[in-house]
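Written below as structure tokens is the structure these notes are about.
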Amino acid sequence: MIEQYGGIAPMSDLILLQRLGEILKGRSFLHVNSTRKGGGVAEILQRMLPLLQQLGIETRWEIVEGDARFYDTTKKMHNSLQGNYEEITAKEWKHHHEVNMENAKKLDLDADAVIIHDPQPAPLIELKKRGTWIWRCHIDVSNPQKDIFDNLSKYCKKYDAGIFSVSKFTRALPIDEFVIPPSIDPISDKNRELSPEEIHETMDKFQIPEDRPMMLQVSRFDRFKDPIGVIETYRMVKKYNDCILVLAGSPATDDPEGAEVLKEVEEYAADDPDIYVLMLPPFSDIDINALQRAATVILQKSLKEGFGLTVSEAMWKSKPIIGGAVGGIPLQIIHGLTGFLVHSVEGAAFRTRQLFNNPEMAKRMSAQGKEHVRNNFLITRQMRDYLMVWHSMENKGQNVLTL
Ligand code: UDP
């Protein structure tokens, strides 16, 4: 399977990955998060697991599950770590802890390396018996609410190491910290080439016309993704360029706010027949791929963002991209070279029109974007980095990789 990436991913990543696979073959590797469907973490894990297994590493993926109160609390953690003010009571913190301890009774946490993703399962560290335990933060913690981060840090600082997506998210935890941006899988159904027939099939299914330029944002219905700002952008663009807007999202089991935000978006879109708000079932990978390939300009107008896989997904498909200048988006969009970074609805509208009206420039930037993703944001690079962190944590201070 790794061979399938030959000619797609950089050769240097594949050689290092193969070498690390040989070194760690037969060892056990556990990932724990809080959902199997919806959002970027699940997206990456479902693709990475079989690849790691294929390298001979005994990799497992477990999830922690909770009641509505648990998800409400963890959503508040997520929101406050991304800078919104929230109050989490002592009872809620206690419940968060208890739900994790309940989950632990049925989870097998024994492994040589354990990566715990995000705040939901963070308390599991208290049950560590052996191995290297790493807390993997996917959230934009550039400006977190201090009391919430301090409380969560009581768990985080017990880990052997922390991994963040962007250097400015590192929080000076008193443990080793690494920066590893996420990645996309170029051969998954989400990102593989599609035939024109496959693309038309999706467009027909959702009755989206193909006669006008199309703006698209693919995101969970989350206020940090600014779907309302995307509609405002479209309305500004529409005054000058006839176009349609597609907002596509799907639910995540650990995101209780999705339905509420979807309602707000539908109300705001009102009865404009050129706005298509799609709530897709989980694992609609080919449909998402087709929508991204059918789009003329793709937006990810986030106000806060851990990384934003949808940006690399768009760039891999050679699509012009406009993103909010937050979190991990500027790693992917080099302003003016691989896409445009924006700070406002007006900026997003201006750049959308610029891309609509200058197809040659859009094509040039998109081609540069694809190469940027190839060199930096493919899954083989991320697997290489995870294995490298694990291996180096077990061999601190030594020259760990001799080819
Ligand atoms: N996604 C999807 N269906 C949707 C909305 C999103 O499959 O309706 C996928 C999207 O293609 C991407 C992931 O979910 O792979 C979202 O990851 P991202 O890092 O952009 O945001 P997150 O949801 O993790 O905040």
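Given the pairs 106/304; 158/225; 25/396; 239/304, which are separated by over 23 angstrom at their Cα positions? Don't skip to the answer; put the middle values down first.
Working: 106/304 35 Å; 158/225 32 Å; 25/396 19 Å; 239/304 28 Å.
In this structure, 106/304; 158/225; 239/304 exceed 23 Å between Cα atoms.
With an 8 Å cut-off on Cα pairs and a minimum separation of 6 or more residues, tell me the relative contact order of the stretch 136-192 in percent. Don't jump to the answer; show the numbers that get you there.
Details: 57 pairs, mean separation 17.6, N = 57.
Relative CO of the stretch 136-192 lands at 31 percent.
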note = Once the in-chain neighbours fewer than 8 apart are removed, the lysines whose Cα is under 18 Å from residue 370 read 190, 317, 319
note = Within the under-14-Å Cβ sphere about residue 53, not counting residue 53, Lys/Arg +1 and Asp/Glu -1 give a net charge of +3
ask   = If you bin the C-alpha pair distances of the stretch 129-204 every 5 Å from 0, what whole percents do you get?
value = 3, 13, 18, 16, 10, 7, 8, 9, 6, 7, 2
message = Contact order normalised by length for the chain, with contacts defined as Cα pairs under 8 Å and 6 or more residues apart; what percent is it?
response = 17
query = Which Rg and Dmax, in Å, describe the Cα atoms of the stretch 161-273?
reply = 18.6, 56
message = I need the phi-derived Karplus couplings for the stretch 165-178: 6.51 cos²θ - 1.76 cosθ + 1.60, θ = phi - 60°, integer Hz, Gly and Pro marked x.
response = 7, 9, 4, 6, 8, 5, 10, 6, 5, x, 9, 4, 10, 10
query = Each residue of the stretch 47-57 in order: what ³J(HN,Hα) in whole Hz does its phi give by Karplus 6.51 cos²θ - 1.76 cosθ + 1.60, θ = phi - 60°, with x for Gly and Pro?
reply = 8, 6, 4, x, 5, 5, 4, 5, 6, x, 8
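Quick check on the stretch 95-177: what does the Kirkwood estimate of hydrodynamic radius come out to from the alpha carbon pairs, in Å? Can you show the working numbers first?
On the way: mean 1/r = 0.0760 Å⁻¹.
13.2 Å is the Kirkwood radius here.
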key: Burial ranking of peptide ranges 125-132, 382-389 (average Cβ count within 10 Å, highest at the top)   = 382-389, 125-132
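For the stretch 84-124, what value does the Rg/Rh ratio take when both radii are computed over Cα atoms and Rh is the Kirkwood radius, given to two decimals?
Using Cα coordinates only, the ratio equals 1.06.
Loop-only chymotrypsin sites (Phe, Trp or Tyr not before Pro) in the stretch 45-126, please: DSSP not H, G, I, E or B, and at most 10 other Cβ atoms within 10 Å. It would help to have the intermediate numbers written out before the result.
Working: sites: 61, 70, 71, 85, 93; in loops: 85.
Sites meeting the loop and neighbour criteria: 85.
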Nearby aspartates and glutamates by direct alpha-carbon distance to residue 263 (threshold 12 angstrom, same-chain neighbours under 8 apart not counted) = 222
task = Enter the angle in degrees (range 0 to 90, nearest 10) between the Cα long axis of helix 379-394 and the first principal axis of the Cα atoms of the chain, meaning the one along which they spread out most.
result = 20
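Ratio of the chain's C-alpha Rg to 2.2 N^0.38 Å, to two decimals? Can you show the working numbers first?
Values: Rg = 21.0 Å, N = 403, 2.2 N^0.38 = 21.5 Å.
Normalised Cα radius of gyration, the chain: 0.98.
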query = Of 154/301; 146/168; 37/129, which pairs sit farther than 24 Å apart, going by alpha carbon to alpha carbon?
reply = 154/301; 37/129
task = Please list the non-local residues whose amide H lies under 5 Å from the amide H of residue 163, H modeled 1.01 Å from N, same-chain partners needing a gap of 5 or more.
result = 135, 136, 137, 178
For the stretch 193-208, 3J(HN,Hα) per residue [Karplus equation, 6.51 cos²θ - 1.76 cosθ + 1.60, θ = phi - 60°, Hz, x = Gly/Pro] = 4, 10, 7, x, 5, 4, 5, 4, 4, 5, 5, 5, 4, 9, 6, 9
ask   = With Cβ to Cβ distances under 12 Å as the rule, what net charge do the other residues near residue 314 carry (K, R +1; D, E -1)?
value = +4
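Quick one: plug the Kirkwood hydrodynamic radius of the stretch 1-121 (C-alpha pairs) into Stokes-Einstein at 37 °C, 0.692 mPa s, and report D in µm²/s. Write down the numbers at each step before the final one.
Working: Rh = 16.4 Å.
So the translational diffusion coefficient is about 200 µm²/s.
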Share of alpha-carbon pairs per 5 Å distance bin for the stretch 303-373, given as whole % = 4, 20, 31, 26, 16, 4, 0
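Would you please name the GluC sites (Glu not before Pro) within the stretch 80-109 that are DSSP coil residues with at most 14 other C-beta atoms within 10 Å of their C-beta? Spell out each step's value before the answer.
Numbers: sites: 86, 87, 92, 98, 102; in loops: 86, 87.
Here the sparse-neighbourhood loop sites are 87.
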key: Degrees, to the nearest 10: 258-269 long Cα axis against longest axis of the chain   = 10
inquiry  = In whole Å, what are the extents of the stretch 259-357 along the principal axes defined by its C-alpha atoms, from largest to smallest?
reply    = 35, 30, 29
query = Highest GNM mean-square fluctuation, the chain, Cα pairs closer than 10 Å: which of 308, 336, 327?
reply = 336
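Every read-out reported here was derived from the displayed coordinates using simple, explicitly stated rules and does not represent laboratory data. As the structure is a computational prediction, the values presented were derived from the model and not from experiment. Note that each Cβ is placed from the backbone with ideal geometry, even for glycine, and that neighbours are counted across all protein chains shown.
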